[in-house]
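Data first, discussion second: the structure below is written as structure tokens.
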Amino acid sequence: MEKVNKFKFKINKIYYYLFKERFKSKLNFEFPENINRWDLIQKLINLKNFQSYLEIGCDGDDSFSKIKVKNKIGVDPYSGGNFRGTSDFFFSQNEKNFDCIFIDGLHEYYQVLKDIKNSLEILSENGIILLHDCLPTSLHKQAVPRYKNIWNGDVWKSIVYYRTLENIDIVTCKIDQGISAIRKVKNKDCLDLKLDDFSKLKFKDFYFNHKEYMRIKDYNDFLKYISN
Ligand SMILES: C[S@@+](CC[C@H](N)C(=O)[O-])C[C@H]1O[C@@H](n2cnc3c(N)ncnc32)[C@H](O)[C@@H]1O
């Protein structure tokens, strides 16, 4: 992972406080302690008999090393995986399709939008895109620019945008910081939200509307939904 700069974090925190948002209330999703992102990924690979896996952002390979599948590629500019470079660079030269794509790279709205768009183009017909860190519990965990070590970023805003499209179905599993699943099927619960710029959404909006925005399900209900 990129080195953390404490001074930059302090500046970012002041900037966020002065110019972006101040909101103190926190959420508590009560994520189960015994179900991790790699458990869900492997479960889906087995359930759907997926043959190929792409992970964007691998860090210490906590997930990548555990996933058992015929073909796997892990992309990271700094550490882990088996492809050294950014997701943009990977997609610019890639010619393969994938059954399961796990997006867990740079957790900033515009990058995540791009990663989702590029992933949709190479997703197999019945494939699934998963995104990590979709359910932040506090303002500072989702603040961009980042000023906390434990950080989800504003991935959730990209999900809210894609939830408004008719040909994409999204549901979010309430485990391990929140994992959203995107499939190229008709949207069964299209979000009616018209905004010119989804990046301008505030944590306060997420706090009050997260159920409607994210379509949150617990692990078993999520698996039932995805199996159908
Ligand atoms: C949260 S970590 C990934 C954790 C890993 N997926 C896991 O499950 O343990 C995020 C990673 O994204 C990488 N990253 C940052 N910018 C990126 C980019 N533009 N493209 C791909 N990966 C990126 C970072 O180097 C970091 O290792």
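Computed from the coordinates by the stated procedures, all read-outs in this text should not be read as laboratory data. Model, not experiment: these values are computed from the prediction. FYI the Cβ positions are ideal-geometry reconstructions off the backbone, even for glycines, and counts take in every protein chain you see.
Computed values, structure above
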| item | result |
| --- | --- |
| FRET efficiency, Lys13 to Glu33 (Cβ-Cβ, R0 25 Å, nearest 0.05) | 0.30 |
| Which of His132, His140 has the fewest Cβ neighbours within 10 Å, and the rest in rising order | His140, His132 |
| Descending Cα extents along the principal axes, the chain, whole Å | 49, 38, 36 |
| Computed Kirkwood radius, in angstrom, where 1/r is averaged over Cα pairs of the stretch 134-216 | 13.0 |
| Computed label-point distance, nm, for sites Asp62 and Lys186 using a 7 Å Cα→Cβ extension | 4.0 |
| Partner lysines for Lys72 [C-alpha distance under 29 Å; skip if fewer than 8 residues away on the same chain] | Lys3, Lys43, Lys48, Lys96, Lys114, Lys117, Lys157, Lys174, Lys184, Lys186, Lys217, Lys224 |
| Length released on extending from Asn46 to Lys96, taking residue separation times 0.36 nm less the Cα-Cα span | 15.9 nm |
| Within the stretch 5-94, trypsin sites (Lys or Arg not before Pro) in DSSP loop having at most 15 other beta-carbon neighbours inside 10 Å | Arg22, Lys24, Lys26, Lys66, Lys68, Lys70 |
